[in-house]
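Note sheet for the following structure.
Values quoted throughout were computed directly from the atomic coordinates according to the rules given, and no laboratory measurement underlies them. Because the structure is predicted, anything quoted here is derived from the model rather than measured.
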Amino acid sequence: MTKQLISIIVPVFNEEANIDRAYDAIVAELESLPGLSFEIIFTDNHSTDSTFSVLERLAARDTRVKVLRFARNFGFNRSILTGYRYARGDAAIQIDCDLEDPPSLFGDFIRLWRDGHDVVVGIRARRREGWLMVLARKSFYRFLDSISDTPHQIDAGDFRLVDRSILDQLKHIDDAQPYVRGLISELARKQGSIAYTRNRREFGESKFPLRQLVKLGLEGVYAHSTVPLRIATYIGLAIALATALTTGIYVIGRLIWPEGWPAGFATTTVLILFGISLNALFLGIMGEYVARIYQQVRHRPTVIVEKALNINASGAVYKEERRHGLQ
């Protein structure tokens, strides 16, 4: 009987303290599951510490370890997407190197996948972090789902299993600024989910401080919703109507009480500043979408691979991208 191949995607950036631990935990879990073979694809987003040296040592020792080192930091979503595109498995599981998501769930993911689900998502039922951050995350997930054109799993991160049928479609996606969670949700036909408690990072520092989390959240909003543009339109119309009404009141008041009507310098100044602020806000929103259009029409590669270990870096990903004129 032919064993099913499972690809494990592990994006890394400055994770020298976690790579060996992650490798040992992943291998131990997968070797305990019957009827499987596996490969582990590390996508190194141009780490500046000894991460790549550790990966070189692992790849030399175990040919199941595949490494793609990028020419520069292309961001978290592009790193994951590239790993999925190079995966050869019947299914792929993405997991972070810090092991906040437990490899012990691999068996449950694979069981649901074998039952017919093309995507199996880990739902973060509980997180070991401050209540304010937990509340902010939960609020964002619900907000994104409510405004998105594509349904999103609530409280789900990137810890998930993706079937080969989805992986093949991801090779054809031509998106300059991909939001991978949303892409997979859009492509999925039958999603399953498993709730779990997310662990606390034990080694190294998180690569997602508040600024990066906000940036990642905005990428999700801009990639899968046009609601911000509609909000700008609706508020602009409301302000235009309010301005017209206020102007009428001022004109009538000036005609009826020409002597006692105040000059209105302060009011005029406030209205002008308010209008300028709104214009700046809405131009910023529209600028985000225009920037995405600009990035899209330039047809740049998703990533540029600087070095590859145990994997052909001129494989299927770049063949697909050439069809779109990316190389």
Long-range HN-HN contacts of Lys66 with modeled amide H, under 5 Å: Ile40, Ile41, Phe42
Semi-axis lengths (Å, descending) of the ellipsoid that matches the C-alpha gyration tensor of the stretch 1-126: 24, 16, 14
Residue-wise, which Karplus ³J(HN,Hα) couplings in Hz belong to the stretch 108-119, taking 6.51 cos²θ - 1.76 cosθ + 1.60, θ = phi - 60°, and x for glycine or proline? 5, 4, 5, 4, 5, 5, 5, 7, x, 7, 8, 9
Computed on alpha carbon atoms, what radius of gyration and Dmax characterise the stretch 20-76, expressed in Å? 12.6, 38
